[in-house]
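Student: Just passing along the structure, written as structure tokens.
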Amino acid sequence: MAVGLAISSEGSQYNGRMTSFVVLSCMMAAMGGVIFGYDIGISGGVTSMESFLKKFFPEVYRKMKEDTEISNYCKFDSQLLTSFTSSLYLAGLVASFFASSVTRAFGRKPSILLGGVAFLAGAALGGAASNVYMLIFGRVLLGVGVGFANQIMLTINIRFFCAPQSVPLYLSEMAPPRYRGAVNNGFQFSVGIGALSANLINYGTQKIKGGWGWRISLAMAAVPASILTLGALFLPETPNSLIQRANNHERAKDMLQRVRGITDVQAEFDDLIKASSISKTIEHPFKNIIRRKYRPQLAMAIAIPFFQQVTGINVIAFYAPILFRTIGLGESASLLSSIVTGVVGTASTFISMLIVDKLGRRALFIFGGVQMFVSQVMVGGIMAAQLGDQGGIGKGYAYIVLILICIYVAGFGWSWGPLGWLVPSEIFPLEIRSAGQSIVVAVSFIFTFIVAQTFLSMLCHLKSGIFFFFGVWVVIMTAFVYLLLPETKNMPIEKMDIVWRDHWFWKRIVGEAVEDSKIEIA
């Protein structure tokens, strides 16, 4: 089955179909999201398991079980404990740089081997850990695998630094413009599937008698990693890449015809060649991206991944079970609550896939931002009024907090979750795409690491105010979208410069520079 479409833009019409070739390619590419989600979800679950804490973080276990003087908000405050979670993202950032160089120098298959070995070694080391150093080193190896394996998958179509967050670029290049939002949001949906799988596994392994179930949780990271590593061998190159890397126009056109499911692809193919020709005149993309004409893309490359991390979602993604334990729920109930939030997040992302190309990016960003802000303020208010430094909150209030957190997660699930990857993946012209996506990934990794490393300490010091802190950021980012982000739905990537020239603010910056460039090209 294939769905026909035709995209009109500035006199050009792109024809194509949503082919099974595109669907299967993108499903395999999105497996990178499953790995990313699993690694996010698994760490939060095991760090709330009493047997895990007792073995590796006895001081935290003592504060949780025996210290009656310490504040509820500070029981889990440990830089060593947060290092277990955050080390993966720092390692992934560093590994991505090396992965890019290795792949360019030695090719894709050696990189596949290195990434696969790192994944399997990290999962094995985590599952067999006997001390905290083995545990953290296992997470570091998983981070190395994340950097390498996803670089492998994307060197098929782009020749630059990447990581799990770069999977959306592959999806955006493969998808027809009219369905780009739905296809691209599949990445965040796969992240949700990975996190939900981790939550389910944690809930099951926590019940294993003997207290060693966390070993299964950590070792199971090898399963999605193995699928991705093997699948990367069979993923096709995109037409963009065949033109850009090999200058093989005949093969590129054949691939475009296969991807679109029709033979009449000349209009789109001509635009790809034109964009590639422009990009090859750029010797230093990182110097080029700071030029005035690319100022909007540079601003979005920094702001969107930064804002995505300061929505406060990592409070839930990394530490939901710990948060639920903070408000007085038991070990099993906390893990079960994480499953509930995982289901809500995954379902809301699926809804986003269905409506993003109809309602557009801006509407979902703004609606989701308002929803997140209201729920955060209400959670912060309840915790400020009901949860003191000692004791817990009533069961009724605990359920209300859970419901409000689900509302917050739903808001993120159809706005900043998937759109935080979608918009950066579709706004860069080919000549700065490598530099732009590198900046997006670097900013995302850096602030994921920072938030993961500092959250438990912030919770201890700010207490219920942590929700108001993130709420302020949600207001700022929603205003940013409302004022500065143009609508990008249905616009072909190669024509995306139009949205900046038509925007009330950015046209003052890029308008003249873009017109000059057109004259030079002509």
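Student: I'd like the Kirkwood hydrodynamic radius of the range 337-411, using the inverse of the mean 1/r over distinct C-alpha pairs, in Å.
Tutor: Details: mean 1/r = 0.0737 Å⁻¹.
Result for the range 337-411 stands at 13.6 Å.
Student: Can you spot the lysines whose alpha carbon is less than 17 Å from residue 274's alpha carbon? Ignore those fewer than 8 places along the same chain.
Tutor: Partners found: 253, 495, 518.
Student: Counting every Cα pair in the range 311-352, what percent are over 16 Å apart?
Tutor: Working: 324 of 861 pairs.
The calculated P(r) of the range 311-352 puts 38 percent of pairs beyond 16 Å.
Student: With only alpha-carbon pairs counted, each pair once and no self-pairs, how large is the Kirkwood hydrodynamic radius of the range 414-494 in angstroms?
Tutor: On the way: mean 1/r = 0.0666 Å⁻¹.
With all distinct Cα pairs of the range 414-494 included, I get 15.0 Å.
Student: How big is the range 339-479 along each principal axis, measuring the range of its Cα positions in Å and listing the largest first?
Tutor: Result, largest extent first: 57, 32, 29 Å.
Student: What order do you get for 130-140, 422-432, 343-353 when each peptide is scored by the mean count of other beta carbon atoms within 10 Å, highest first? Don't skip to the end; give the middle numbers.
Tutor: On the way: 130-140: 17.5, 422-432: 24.5, 343-353: 21.2.
Top to bottom by mean Cβ count within 10 Å: 422-432, 343-353, 130-140.
Bear in mind these aren't lab numbers, they're just calculated from the coordinates by the rules spelled out. The structure displayed is predicted, hence computed values, not measured ones. No Cβ is skipped: glycine too gets one built from the backbone with ideal geometry, and neighbour counts run over all protein chains shown.
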